[in-house]
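Worksheet: the structure to be examined is printed underneath.
The values are calculated or read from the model by the stated rules, or taken from the named source; none is laboratory data. Keep in mind that what you see is a predicted model, and the values were worked out from it rather than measured. Neighbour counts run over all protein chains shown; Cβ positions are idealised from the backbone, glycine included.
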Amino acid sequence: MRSSVAATLLVSALGLAACSTTPALVAVPDAIKGDASQQVTLVVPAKGVQIYECRAKQGQAGAFEWAFVGPEAELFNAAGTIRIGRHYGGPTWEAIDGSKLVGALKARTDAPKPADIPWLLLTTTASGAKGSFSDITAIQRVNTVGGIAPTAACGAGNVGAGARVPYTADYYMLAKK
């Protein structure tokens, strides 16, 4: 009985989070616009890290680079006040109601500031339980701050070293109109 009440409260909180005051949307560059049949239905701020590892560069003997491993972030309601899920490798966005999205890169454009990770358009496939993310067909990553690969040296002496670089972003969740 308690678990069903807790689950109901959790789903209600997620629903209220989705209805919270939505901040003004930024103008999205043409390169990452969704198609005409899609509209933004949720704005989901994220705060976390982009994870990198020092590795040998493929096909370039003696060359090394900070390779992107994946994200790790908490997702919040539009007001940024209630945690509604998490974002992790895959890339995957998982709501607390159990609904999940797995993204595939469709397009990218540089962020307005070079110190910020690129803005993206991803197509999505829903998985997990039916819930708040189930009808999402694409995601735009915008308003990025931070998250770029480390500027520290990456070489033979530190292959395998990891770096967790803080970032924030807004994920615009798009669904069919």
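Structure above, values below:
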quantity	calculated
Residues of region 58-68 satisfying the condition of being of a type outside the set (D, E) and within 17 Å of A163 (Cα to Cα)	F64, W66, A67, F68
Complete set of residues in region 73-97 that are surrounded by 14 or more Cβ atoms within 10 Å (Cβ to Cβ), free of Cβ contacts under 8 Å to residues at least 40 places away in the same chain and among the acidic types (D, E)	E94
P71 vs. criteria in contact with a His (Cβ under 7 Å, 6 or more places away or on another chain) and either at pLDDT 90 or above or small (G, A, S) (or both)	yes
Pairs, first closer than 14 Å to L122 by Cα and aliphatic (A, V, I, L, M) in region 15-41, second loosely packed, with under 14 Cβ neighbours inside 10 Å and at pLDDT below 95, C-beta under 7 Å, six or more apart	V40/L25
Residue pairs meeting the criteria (Cβ under 6 Å; at least 6 apart or on separate chains; first closer than 14 Å to T92 by Cα, in region 45-72; second among the polar types (S, T, N, Q))	P71/Q50
Options A73, A78: the member that is under 12 Å from the mean Cα position of the chain (by Cα) and either in a strand (DSSP E or B) or under 17 Å from Y172 (Cα atoms) (or both)	A73
Single residue of D110, D170 found to be surrounded by fewer than 16 Cβ atoms within 10 Å (Cβ to Cβ), acidic (D, E) and at pLDDT 95 or above	D110
Residues that are in a strand (DSSP E or B) and over 24 Å from T109 (Cα atoms), drawn from region 125-177	A126, S127, G128, G162
